[in-house]
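Working notes for the structure below.
The values are calculated or read from the model by the stated rules, or taken from the named source; none is laboratory data. Source: prediction; values computed, not measured. Because the Cβ atoms are built from the backbone with ideal geometry, glycine has one as well, and the counts that use them run over all protein chains shown.
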Amino acid sequence: MTHIFTYQSLGILAAIAIACALIPVYLRVLKSKNLQSITTTRLILLVIGSGLWIMYGFRDSSPGIVLLATFSFAMTSILFAIKLRSNKTS
């Protein structure tokens, strides 16, 4: 039981760290509408990574990981959509 708790806690901490790291970027982009410093490749990798965390959370039956990864997935997807839209207008 201790190992399960430890691994779930570790996964939740990882998901929190990723979600928190995205918040300042997300707020800066929404304010400035400028995504030139963020590459499309990075956003694609973040979307894929968040999606994989969601699948892992479901597989591990960890609602905390699923919730935080879904938050990261949504934020990154919005940034990606803004990036695509800004590339079309440029």
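Observations
- Scope region 35-47; condition outside any helix (DSSP H, G or I) and in contact (Cβ under 8 Å) with a residue 24 or more places away in the chain; matching residues: Leu35, Ile38
- Odd one out for Arg28 among (1) surrounded by 15 or more Cβ atoms within 10 Å (Cβ to Cβ); (2) part of a helix (DSSP H, G or I); (3) not small (Gly, Ala, Ser): (1)
- Applying the criterion of being over 11 Å from the mean Cα position of the chain (by Cα) and small (Gly, Ala, Ser) to the residues of region 26-50, the residue that is nearest to Ile12 (Cα to Cα) is Ser37.
- Scanning region 72-83 for residues that are surrounded by fewer than 18 Cβ atoms within 10 Å (Cβ to Cβ) and either in contact with a helix residue (DSSP H, G or I) (Cβ under 7 Å, 6 or more places away or on another chain) or without any contact (Cβ under 8 Å) to a residue 24 or more places away in the chain (or both) yields a total of 3.
- Scanning region 48-66 for residues that are more than 12 Å from Ile18 (Cβ to Cβ), touching a residue at least 24 places away in the same chain (Cβ under 8 Å) and in a helix (DSSP H, G or I) returns Tyr56, Gly57, Gly64.
- Hits in region 37-51 - residues which are of a type in the set (S, T, N, Q) and either at pLDDT 90 or above or surrounded by 14 or more Cβ atoms within 10 Å (Cβ to Cβ) (or both): Thr41, Ser50
- Criterion applied to Lys83, Lys88 was being at pLDDT below 85 and of a type outside the set (Ser, Thr, Tyr), and the one residue passing it is Lys88.
- Count of region 42-75 residues which are more than 21 Å from Val25 (Cα to Cα) and aromatic (Phe, Trp, Tyr): 2
- Scanning region 52-66 for residues that are among the aliphatic types (A, V, I, L, M) and surrounded by 15 or more Cβ atoms within 10 Å (Cβ to Cβ) returns Ile54, Ile65, Val66.
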